[in-house]
Amino acid sequence: MYTQTEIIKDTTINGSEGELVINVGPQHPATHGVLHLVITLNGETIKKIEPHLGYIHRSIEKMCESLTYRQFIYVTSRMDYLSSHINNEACALCVEKGLQIEVPARAKVIRVLMGELTRIASHELWLGAMAMDLGAFTPFFYTFREREMINEIMEDTCGARLTMNYMVAGGVAMDLHPDFQRKVKLFVTQFKKRVPEFDDLITNNIIFQNRMKGVGVLSGEDAISYGCTGPVARGSGVSSDIRKLYPYDGYDAVAFDEVLETAGDSYARYLVRLREMHQSIRIIEQLIDAIPEGDFQAKTKAVLKLPKGEFYTRVETARGELGVYIVSEGGTTPYRIKFRSPGFSNLSALHHMAKGSKIGDLMATMGTLDLVIPDIDR
Amino acid sequence: MSNEEIKEYVTSIAPSATFDESGEWLNSMVEPGTWKELALRLRNGPLHFDYLFCLTCIDWKTHLTVVYHLSSTTHRHTIVVKAKLDTAKPEIETVSDIWRTAEFHEREVFELFGAVFLHHPDLRRLILTDDFEGFPLRKDFEDPINMIKL
């Protein structure tokens, strides 16, 4: 995409002596995907970070324009593949909003349970990967041990481990596996027993603290201006949890706290995600024995046609606010669809957060941004 | 703040603005020329719309419409502002100095729709390759190899 000579040419235009341009990515273990950062350094100090995107751009928005309202949901599993349940949920909610479908109570509870399990699985993967970015390999095995249990639960019910495609307009695709409740309860007890291990390994570890505290600071005002959401905004003290602000699928009926930290540094973002997992466990515990009986899917027509108009839904994925904006002309396919992805906005703040810090601290900042590249490129 | 108060405030800055309340949120169609001034006053004025949560564009074949979804983190009210652009010369002032998230979003709209954001600090391609021709999200875009058609 950008050849070597072009980059060198760029520096001679901006350039002054002692400047060095290095490329992080597109193939780099710490970018967790094909993200290309062109970093201008002065010695070891970062002067400028320029993200070059698009290595995994599939133009999902254009693709969705030729898919029906039942089909397009499946493509969205491939955006933020770690929150695929929640992406599907956002699309299903948007179609339901347009058609004014009332979702059965059982389906709503299943959606919340699945959403929270996804959130835990996503945060587990982030925790392991972030620790690995900072040079510790061991936590990765601990977190994947827990995540594997969630993947198995998903496989039982949805038939897939990653791109579940379980949410459909009107409810969920099929009923829960008979073993679902037992396995989830087992997971919850084990998770609670094992979580102190993370505190011993990482939270209270002086090496991790030194590498994360005061690194990549983002003020609350900047977080809002850059459109940061999710744990990135909450680590800067900005209340941004869509589940609390604009509840959907019965999140107003369960008790949980919005986790806020005020420091705005990498350690604050780390703490937010760690404590969010406990809140998710709290939600699961409230609902696992209270799944109402009844239908898991509302009766809908075979061919869905949204009325002419515009529909927007917002949900809280593991990374922040996902917005689905459907413009309908009354047909069976959307006229225009826009996915406002959390990763795209969070990445735009990277230059601001890392500017002036040392290149060695960049991985701590990037690690706690929790970027998923297909979510950014779409 | 109620929709009526927001409408009154918007009309005081952009008198030509029209409103539509049929959807979930208050929609306002403004002239591209008045948008910059309105954006500044919406952000810094008493309504305090400090959070631009979505910026996108729609190709209506006859014209382009830029859509700004704004919300306030203090008052929790929302407004959708739209501006109609001429397809032959789609130009509008940038708001990246007001909401910094707009810098990336405008670059995305620029390369996918061809809308030009005047005085943008760094209006370059973000996702597509440098030699890519055409604006993929426009309705008249045809890709003979990779396009999915049903």
Taking first residues from region A:93-117 that are farther than 20 Å from A:Ala302 by Cβ and second residues anywhere that are in a helix (DSSP H, G or I) and among the small types (Gly, Ala, Ser), the pairs with Cβ under 8 Å that are 6 or more apart or on different chains are A:Glu116/A:Ser280; A:Leu117/A:Ser280
Those residues of region A:217-246 that are β-branched (Val, Ile, Thr) and either surrounded by fewer than 21 Cβ atoms within 10 Å (Cβ to Cβ) or assigned to a loop (DSSP other than H, G, I, E, B) (or both) come to a total of 3
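Which of the strands (runs of 3 or more DSSP E) contained wholly in region A:308-378 include at least 2 residues that are more than 10 Å from chain B (Cβ to nearest Cβ) and not hydroxyl-bearing (Ser, Thr, Tyr)? So that I can check it myself, show each step before the final result.
Details: elements: A:309-316, A:321-328, A:336-340.
Once the strands (runs of 3 or more DSSP E) in region A:308-378 are filtered for at least 2 residues that are more than 10 Å from chain B (Cβ to nearest Cβ) and not hydroxyl-bearing (Ser, Thr, Tyr), what remains is A:309-316, A:321-328.
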Within region A:267-305, residues touching an Asp or Glu at 6+ places or on another chain (Cβ under 7 Å) and either in contact (Cβ under 8 Å) with a residue 60 or more places away in the chain or at positive phi (or both) come out as A:Leu271, A:Ser280, A:Ile283, A:Ile284, A:Phe296, A:Ala298
Residue set A:Glu96, A:Glu116, A:Glu124; condition assigned to a helix (DSSP H, G or I) and within 30 Å of A:Gly360 (Cβ to Cβ); output residue A:Glu124
Q) Hey, does region A:130-148 have a residue that's touching a Pro at 6+ places or on another chain (Cβ under 6 Å), assigned to a helix (DSSP H, G or I), buried (at least 17 other Cβ atoms within 10 Å of the Cβ) and within 14 Å of chain B (Cβ to nearest Cβ)? A) no
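Looking at region B:88-95, can you tell me whether even one residue there is within 14 Å of another protein chain (Cβ to nearest Cβ) and on the phi < 0 side of the Ramachandran plot? I'd like the intermediate steps shown before the answer.
First, the residues of region B:88-95 that are within 14 Å of another protein chain (Cβ to nearest Cβ): B:95.
Still in the list and also on the phi < 0 side of the Ramachandran plot: B:95.
Yes; the residues of region B:88-95 include at least one that is within 14 Å of another protein chain (Cβ to nearest Cβ) and on the phi < 0 side of the Ramachandran plot.
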Of the residues that make up region B:33-51, is at least one surrounded by fewer than 21 Cβ atoms within 10 Å (Cβ to Cβ), within 19 Å of A:Lys338 (Cα to Cα) and facing chain A (nearest Cβ under 8 Å)? no
Check on B:Phe117, closer than 30 Å to A:Met353 by Cα and at the interface with another protein chain (Cβ under 8 Å from one of its Cβ atoms): no
How many residues of region A:79-91 are of a type outside the set (A, V, I, L, M) and in a loop (DSSP other than H, G, I, E, B)? The answer is 1
Across region B:62-77, the tally of residues that are on the phi < 0 side of the Ramachandran plot, facing chain A (nearest Cβ under 9 Å) and modelled with pLDDT under 90 stands at 1
Here the residues within region A:57-78 that are outside any loop (DSSP other than H, G, I, E, B) and more than 12 Å from chain B (Cβ to nearest Cβ) are A:Ile73, A:Tyr74, A:Thr76
Q. Is there a residue in region B:35-49 that is within 18 Å of the chain's Cα centre (by Cα), of a type in the set (A, V, I, L, M, F, W, C) and not in a helix (DSSP H, G or I)?
A. yes
Note on A:Asn210: of the conditions (1) without any contact (Cβ under 8 Å) to a residue 12 or more places away in the chain; (2) more than 19 Å from A:Ala364 (Cα to Cα), unmet is (2)
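The values are calculated or read from the model by the stated rules, or taken from the named source; none is laboratory data. Being a predicted model, the structure only gives us computed values, none of them experimental. All Cβ positions, glycine included, derive from the backbone under ideal geometry; neighbour counts span all protein chains shown.
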